[in-house]
Amino acid sequence: MIRSKYAFLQKLTRDLKMKSINIGEELEGATPPSVFIGSWNYPKVYAGPMIAPVQEEVEIFDSPERWIPERKTQEEIIDYRLNLVRGKQLVGVRDLDNHLVEKLQEISLSSGAIESEAQFRRKPRGLFFSEEQTPHGPSAVLENFEIENVKWDRELERAYHDTDLRAREAIVELHRKGTPFSAVQKALSVGALGEGKRRKLVPTRWSITACDSTLADHFLERVLEYEPIDTFRVHEFESLKNHYLILLTPSEWQYEWMEAFMKRDGRAMIFSDHETGKGKREYSRVGGCYYSAKMAVLDALDREEKQAGAIILREAYPGYVPLGVFNVRENVKNAMDTEPTMFNDLRGALEFIDSKLKLGLEAFRVRSNLLKELEVSRQTTLDSFFR
C-alpha cells in the first residue's frame with residue numbers, strides 16, 4: 001500500500017507548475033536554522049545546510065509548529081520552502097568529526113537563524129517535494145560553507161553534552177520541556193543526541209519517524225494505565241486543504257488511521273492502517289503520517305490522564321500538495337486542542353461524522369477494520385441487553 005500511496009503523491013508533485021529560487025554558484029544568506037540529511041547511499045549520505053538568500057527573519061521558513069497557528073497558507077509555506085537552497089556533501093554517518101558535520105550540529109542546536117555563506121560546485125538546480133519531509137528548493141554539492149558564531153538553545157545544549165543520556169530519553173525530556181518537535185528531530189538527525197559512542201547521522205526522513213514513534217511509545221505506556229473516557233467524542237479541524245475528524249471511543253487503546261486523497265472528479269484514493277493493544281511492530285503501510293497522528297493523539301490523552309480508542313479520518317482536497325508529515329502532526333495536534341462534540345452512543349457520533357465528510361462515512365467504512373468491529377461489538381452489546 002505504501003508504494004501505491006507514494007506513487008500517487010509523486011504524480012501530484014510531478015504535475016505541479018512551480019519554480020524554485022534561481023541563484024548562482026555563490027550564496028550569502030541565513031539558515032533558519034535548517035539542515036537536511038539524505039538517505040540515498042546509506043551509510044554514506046548527502047548532508048548539508050539549507051540556506052535562504054536573505055538575512056532578515058527567516059526562522060519562519062523552517063518552523064512548522066508556527067504555520068497553522070499563524071494561519072499560513074499552503075502557498076506561503078511552499079514559497080518559504082522553495083526559497084531554501086540545499087547544500088550537500090557526501091559523508092559517512094559515523095564521521096561526526098567532519099568539519100561540515102560539526103557545523104551542521106552547531107546549526108541544529110542554535111536558538112535562532114545564522115548568517116551563512118556557501119560556495120557550490122555548480123549552480124544549484126531542481127526542487128524537492130515529499131509526503132514525509134517538508135519541501136525545499138534547488139540543491140548542489142558544496143565547495144565551501146561558513147557560518148557566523150552560534151548561540152545554542154539551552155535545553156538542546158544540555159542534551160548534547162549529556163553523552164550518557166540515551167536518545168529515547170533525550171527526545172522525551174526535550175518534548176516535556178517544550179522544545180519544538182522540529183528542533184528535536186534536527187538534533188537527532190545530525191547526531192547530537194544519544195549516548196556518545198552510539199551517535200551518528202540519521203537521514204531526515206528516518207529521524208522524523210524515530211521522534212514520532214519514540215514519543216508515541218512513551219505516551220502509550222502511560223495512557224494504558226489510565227481509565228477510559230466515558231463518552232464518544234469527535235474532534236474536528238481543517239487547514240492547508242485537509243479536513244480531520246477524530247473519533248475517540250470509551251474503550252481501551254486501539255487506533256486506526258484512514259486518509260482519502262480526493263480528485264477533482266469526485267473520486268478518492270483511500271489508504272488505511274490500524275493497531276490494537278500495545279501497538280504495531282512492523283512499519284506502517286501508510287508511512288510516517290501514521291506515527292505523527294498517533295503521537296499527537298496520545299500526547300493529548302496523556303495530558304488529560306485518560307485512555308481511549310482513536311479513529312482518525314482525513315480528507316485531503318483537490319489542490320493539496322504533499323508538504324511532509326508535519327502537516328498531519330500539527331493538524332491532529334490542533335484538532336485535539338479543540339473542544340470535542342460529545343455523544344452518548346456510537347450511532348450519534350457516526351451520524352455527525354458522516355454529515356461532516358465530503359466523501360461520506362461509507363467510503364471510509366468499507367476500508368476500515370476497527371470501525372466495522374466497533375459497530376458489530378456495540379450492536380452485540382445492545383442485543384444482549386434487550387434479551
Student exercise, segment 232-379 dipole from Lys, Arg, Asp, Glu Cβ charges, in Debye to nearest 20:
480 debye
Normalised by the residues of segment 1-202, what does the relative contact order come to in percent, with Cα pairs under 8 Å and at least six apart?
23 percent
In whole percent, the fraction of accessible protein surface over the chain that belongs to carbon or sulfur atoms, probe radius 1.4 Å, stands at 45 percent
Positive dipole terminus of the chain, leading residue within Gln55, Leu100, Asn334 (C-beta point charges):
Leu100
What pairs from Lys5/Lys294; Lys151/Lys177; Lys17/Lys200; Lys5/Lys306 go past 26 Å between their alpha carbons?
Lys17/Lys200; Lys5/Lys306
Give the percent of DSSP beta bridges with both residues in the chain that are antiparallel, rounded to the nearest 5.
80 percent
With +1 at each Lys and Arg Cβ and -1 at each Asp and Glu Cβ, the charge dipole magnitude of the chain around its Cα centre, to the nearest 20 debye, comes out at 1560 debye
Within segment 17-52, list the chymotrypsin sites (Phe, Trp or Tyr not before Pro) lying in a DSSP loop whose Cβ has at most 12 other Cβ atoms in a 10 Å radius.
Trp40
Using only alpha carbon pairs under 8 Å that are at least six residues apart, calculate the relative contact order of the chain and give it in whole percent.
16 percent
Mean-position separation - Cα centroids, segment 15-84 and segment 267-325, in angstrom
26 Å
Below 8 Å, C-alpha to C-alpha, sequence gap of six or more: please give me the relative contact order for segment 232-379 in percent.
35 percent
With every protein chain kept in place and ligands, DNA and RNA left out, what is the accessible area per residue of segment 1-46? Probe 1.4 Å, answer in Å².
63 Å²
Take Arg365, Arg314, Arg154 and sort them by solvent-accessible surface of the protein heavy atoms, 1.4 Å probe, largest at the top.
Arg154, Arg365, Arg314
Find out how many positive minus negative residues lie around Ser239, taking Lys and Arg as positive, Asp and Glu as negative, among other residues whose Cβ is under 10 Å from that of Ser239.
+1
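The values are calculated or read from the model by the stated rules, or taken from the named source; none is laboratory data. Model, not experiment: these values are computed from the prediction. Here Cβ is always computed from backbone atoms with ideal geometry, including for glycine, and neighbour counts include all displayed protein chains. Each accessible area value is taken on the protein alone, full model and side chains, heavy atoms only, with ligands, DNA and RNA left out. Shrake-Rupley method; radii C 1.70, N 1.55, O 1.52, S 1.80 Å.
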